[in-house]
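Working notes for the structure below.
The values are calculated or read from the model by the stated rules, or taken from the named source; none is laboratory data. In this text the structure is predicted, and so the values were computed from the model without any measurement. Cβ placement follows ideal geometry from the backbone for every residue including glycine, while neighbour counts extend to all protein chains displayed. Heads up: the accessible areas ignore ligands, DNA and RNA and are worked out on the full protein's heavy atoms, side chains in. Shrake-Rupley method; radii C 1.70, N 1.55, O 1.52, S 1.80 Å.
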Amino acid sequence: MAELVCITGIGCLCAAGNGLDEVVNTIFAGQRRAASPRAFTTSHPQPYPVFAVEEGWDVEPEDADLLKTSRLGLAAMRQALDQAGWSVSDLRGLRVGVCMGTTVGCAMNNEAFYAGYRSGATPDMQPIRRFLASNPAEVIHRRLGVSGPCQTIVNACSSGTDAIGLGSQWLQAGLCDVVLAGGADELCRTTYNGFASLQISASELCRPFSVDRCGLNLGEGAAVLVLEKRSLRSDKSVQGLVRGYGSGTDGWHLTAPHPEGRGLRQALTEAFRTSGIQPSQLSFINAHGTGTRENDRAESLVLRECLPNIPFHTTKGYTGHTLGAAGAIEAALTLAFLLRQQMPASAGFGTPDPELAMTPTRVVTPFEGNLALSQSLAFGGNNAALILQRGERCL
Amino acid sequence: MTIKEKLKQILVEDLNLEDITPEEINDEDPLFGEGLGLDSLDAVELVVLVQKHFGVEIKDMEQGRPALQSVNTLAAFIEQNQA
Amino acid sequence: MTATGTTVYVAGIGCVGGFGAGIDAFRAALKQGCCSPTPLLQQHPDGQPFVPAYLAQTDKLSDFVPKRALRRLDHYARLALLGGYLALADAGLSAQDCEDLGVIIASGYGATGTTFGFLDSILNDGDSCASPTSFSTSVHNVAAAYLSMQMQALGPNLTVSCFEQSMTAALHNALCWLQSGRVRRVLVGGVDEHNPVVNYCYGRFFGTQTAAVLSPFSEQHSALPGEGAAFLLLTTERPGLSPVRLTDVASGSGVPTMAAPTDVVLAGADGHGATAPFYRRLSGETPALRSCTPCYGSLPTGQAFDLAAATLMLRDRCCYGLCAAPQTNEAGSCPAPQRISVVKYSGDGSYGHVRLQLEEGSRHA
């Protein structure tokens, strides 16, 4: 990557807190704020715990008519712009791009509308209007009134990682001066039922990489990074740098990862090749680590063979799996851990699995060094990885 | 229609096995791998289909694996567990 | 505006829509200026009739893919796969050429049929009978996943969705990838499917008194839903005959600044009242404002069809589609275009602008 891609602002909210500092404090305190879903009911014999954003974050009346996913994205955007010190009027004079990942934010799956349609009633069109007005990237683009390129990435669970990587490419190609990149997703009945039907939702708190792991917990939230060229404000302190991005394709199966982790290896190879960074330079790896049998098996194999002896953890046990937001939230967390030079305990890890032969961090672990990698695997065989570097934030 | 006949019909129609008819499925054909060529996504779909058509719950894959070997084993599981 | 250091060519196009499947069917419709939408005779139980729609068939997919491999593919994924294979064939590429092929799919609405099919499984039989197959085939990236699996196209794989700007966004990435050397070839396509629910929404939003055909430059609302897939095979390798270059991709709002001269502006005007004023403003900019939307209908990724049409116009050295100034629709009144700007507006006035150019001195195919 030629041009330095600087991260000058980080916004993040999820079940672990509203704002990156609160989220990180919750994680280092070892708190796991999961509960049965409150926003909807289902008829499953037993509930699957979820990581929901706690109330109190949703304070902007002008956002009220949007999907929650887009409101989460806007909240993360505000935090990120505050930290970056950008005003909306300053941004309008620049070429500003927007790249957001999501799953629910692009799905026309309003159940109340569709049930009405199906029953032969004349359903209220408000859910459809709201869907059409709520594309997560377009919402940010419109709210800021900028006119650069804009895209919502729908690569399922790697969307947030891809959004940050592709936004970095836009900067480096000279397409934009600033890119707001991240992801947003909300908990909803549709995905809740979908993951339950696939039998990969856990009825307890998730236990990623453990021998008795029993599936994932869904979560919700958003993160937005302000990416900008170093040359734009060379005196501005930066939170971090996007040093490398790679993606890879399994070409294998809709829901099962490639057994050898083909696409993930490809993503890692590209991220290292384009950044010129060696695996040995990494201080830690933020693994995808959903806690499903298949994900953790494929991911461990690749970690063992491609990135041996590098400490790793997963944050899914603190945030839940936030789908299209996961890669963005984890990029934000990876940067925060780099800035603290401490990595958290991998929540939920108990007994090692001899088959995986990999043990994530069990306790809060200090480290030296400035580089880390965050990776995501997705349905459809999408895999993506980011290499992030610690910035010069004054703590 | 017997349970086995119904199962074969479900396999072909609900799993969209476009190149085979229910009559061509043998009771002891392995459902996965070399037999009918079903995969992990078909396995979880079958769990739902068994619940929907026969009212029989397969709690998880631990319980499901022995039942989901062939039409024979699945039919036997359904018979044992039907109310 | 993406400046091009490396030259990017459109080496192949593939499309399927209300006009049929393949270049010949598309060209025939373009020459005619329109094709007929299919009347949908049923009505919603609340009494609202469905509006006519430009519907696409995917039978031709069996030329490319064995039946068993299609068993889980819904209409959305089939449209994508057929469009993709047709573009590969047009570029003269076979399955062996795909190993490092990048894939980018743009979709406004994704797999709507399967999305609602999943809700059906819940509404019919309860939460615990939700269909895992429907759920996992309702995600937007399923079409790109099938392309990668079926073609073993194992380069970068991406799906983007932002309504009318989806195709322009896809092309921003494609140009970045090609110019940085990330890929040598990338298959970029727009895919959207028709669905009764979408059709019903048309009726609720715009009424069911529809025009007989879509009239792109009329002041009246005349949008009729369309569906299909249109793909471009982009490459940095110069094709032998009639090389069409993709020179610029730009996003903005208002009236696009044409960075370089253009002979024809191909407008994605698809009969929607919300965007009509934006397209009308373009007609003052250039006399050669044309549109091909009556050949394929209104869909968020219609711009993909305009790009396929513009490529054909440059290759064939001939103007197709309807002209905003009706008197210039007569044969021979439009000189052979060398440069075409394809412009697509969203309802808020954002545009995506893509410019194609026939390489100078190229010989006629």
Discussion item. For chain A, what does the helix formula give at 222 nm: sum of -39500 (n - 2.57) over DSSP H segments with n ≥ 4, over the residue count, nearest 500 deg cm²/dmol?
Written reply: -9500 deg cm²/dmol
Practice prompt. Determine the shape class of the stretch A:250-373: with a ≥ b ≥ c the square roots of the Cα gyration tensor eigenvalues, call it rounded for a/c under 1.5, and otherwise prolate if a/b is greater than b/c, oblate otherwise.
Written response: rounded
Discussion item. If DNA, RNA and ligands are ignored and the probe is 1.4 Å, what is the ranking of B:4, B:59, A:316 by accessible area, most exposed first?
Written reply: B:59, B:4, A:316
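What percent does the relative contact order of chain A come to when contacts are Cα pairs within less than 8 Å and at least six residues apart?
On the way: 1062 pairs, mean separation 93.6, N = 395.
It rounds to 24 percent for chain A.
In the neighborhood of residue C:174, defined by Cβ-to-Cβ distances under 13 Å, what is the net charge if each Lys or Arg adds +1 and each Asp or Glu adds -1? Show your work: numbers first, answer last.
On the way: positive: C:182, C:184, C:185; negative: C:248.
Cβ neighbours under 13 Å give a net charge of +2.
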Worksheet item: What Cys residues in chain C are without a partner cysteine, judged by a Cβ distance under 4.7 Å?
Response: C:15, C:34, C:35, C:98, C:129, C:162, C:176, C:201, C:292, C:295, C:318, C:323
Worksheet item: Accessible area drop of at least 40 Å² (1.4 Å probe, protein heavy atoms): which residues of the stretch A:218-260 qualify, relative to the chain alone?
Response: A:249, A:251, A:253, A:254
Item to complete: Could you work out how far apart the two model spin labels at residue A:256 and residue C:336 are, taking each label as a point 7 Å from the Cα in the direction of the beta carbon, and quote it in nm?
Response: 5.5
Item to complete: Using Cα positions and a limit of under 20 Å, work out the aspartates and glutamates in reach of residue C:60, with same-chain residues fewer than 8 apart set aside.
Response: B:18, B:19, C:24, C:74, C:90, C:192, C:193, C:227
Response to the item:
Summing -39500 (n - 2.57) over every DSSP H run of at least 4 residues in chain C and dividing by its residue count gives a helix-only mean residue ellipticity at 222 nm, to the nearest 500 deg cm²/dmol, of -9000 deg cm²/dmol
Worksheet item: Looking at the square roots a ≥ b ≥ c of the eigenvalues of the Cα gyration tensor of the protein assembly as shown, which shape do they give, rounded for a/c under 1.5, prolate if a/b is larger than b/c, or oblate?
Response: oblate
Discussion item. If you average the alpha carbon positions of the stretch A:135-188 and of the stretch C:43-119, how far apart do those two centres end up, in angstrom?
Written reply: 26
Fill in: Accessible-area order (highest first, 1.4 angstrom probe) of the listed residues A:89, C:166
A:89, C:166
Item to complete: Give the relative contact order (percent, whole number) for chain C; include only Cα pairs under 8 Å separated by 6+ residues.
Response: 24
Worksheet, complete the sentence: Taking a straight Cα-to-Cα line shorter than 22 Å from residue C:344, and setting aside same-chain lysines fewer than 8 residues away, one finds C:31
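What is the interface area between chains C and A, defined as buried accessible area summed over both chains with a 1.4 Å probe, reported in Å² to the nearest 100? Walk me through the numbers on the way to the answer.
Details: alone 14810 and 15250 Å², together 24660 Å².
So the buried area, both faces added, is about 5400 Å².
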Fill in: Accessible area of the protein assembly as shown divided out per residue, in Å², using a probe of 1.4 angstrom
33
Worksheet item: Hey, got the average number of other protein chain Cβ atoms within 10 angstrom for residues in A:131-140?
Response: 3
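In chain B, once you exclude exposed GluC sites (Glu not before Pro) (DSSP loop, at most 14 other Cβ within 10 angstrom), what's the longest stretch remaining?
The reported range is B:58-83.
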Discussion item. Out of the GluC sites (Glu not before Pro) in the stretch C:190-269, which ones are loop residues according to DSSP with at most 14 other C-beta atoms within 10 Å?
Written reply: C:219, C:237
Response to the item:
Whole-Å distance linking the alpha carbon centroid of the stretch A:357-395 with that of the stretch C:233-253 is 37
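Find the relative contact order for the stretch A:147-287 and round it to a whole percent, using C-alpha pairs within less than 8 Å whose residues are 6+ positions apart.
19
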Discussion item. Solvent-accessible area of residue A:42, probe 1.4 Å, all protein chains present, reported in Å² to the nearest ten, please.
Written reply: 50
Worksheet item: Which residues make up the longest stretch of chain C that has no trypsin sites (Lys or Arg not before Pro) in a DSSP loop with at most 16 other Cβ atoms within 10 Å?
Response: C:185-316
Worksheet item: In deg cm²/dmol, rounded to 500, what helix-only [θ] at 222 nm does chain B give when every DSSP H run of at least 4 residues adds -39500 (n - 2.57) and the total is split over its residues?
Response: -16500 deg cm²/dmol
Response to the item:
Cα-based Rg and Dmax for chain A, in Å, come out at 19.6, 63
Item to complete: Excluding residues fewer than 8 places away in the same chain, name every one of the lysines whose C-alpha is closer than 27 Å to that of residue B:8.
Response: B:52, B:59, C:67
Worksheet entry | Gain in span if fully extended, residue A:130 to residue A:65, counting 0.36 nm per residue against the direct Cα distance | 22.7 nm
Worksheet item: If one computes P(r) from the Cα atoms of the stretch A:1-123, what percent of pairs lie at distances over 18 Å?
Response: 68
Worksheet entry | Span from the the stretch C:183-220 Cα centroid across to the the stretch A:237-276 one, whole angstrom | 36
Worksheet entry | Computed FRET value (nearest 0.05) for residue B:61 with residue C:63, which takes r as the C-beta separation and R₀ as 35 Å | 0.40
Worksheet item: When averaged across all projection directions, what area in nm² does the alpha-carbon convex hull of the stretch B:3-81 cover?
Response: 4.5
Practice prompt. For chain A, give the share of DSSP beta bridges that are antiparallel, in percent and rounded to the nearest 5; count only bridges with both residues there.
Written response: 70
Worksheet entry | Antiparallel DSSP beta bridges within the protein assembly as shown, as percent of all bridges there, nearest 5 | 70
Practice prompt. Give me a single rounded figure for C:145-155: the average over its residues of other chain Cβ atoms within 10 Å of their Cβ.
Written response: 5
Discussion item. Bins of 10 Å, beginning at zero and ending with the bin holding the largest distance: percent of Cα pairs per bin for chain C, please.
Written reply: 6, 26, 35, 23, 8, 1, 0
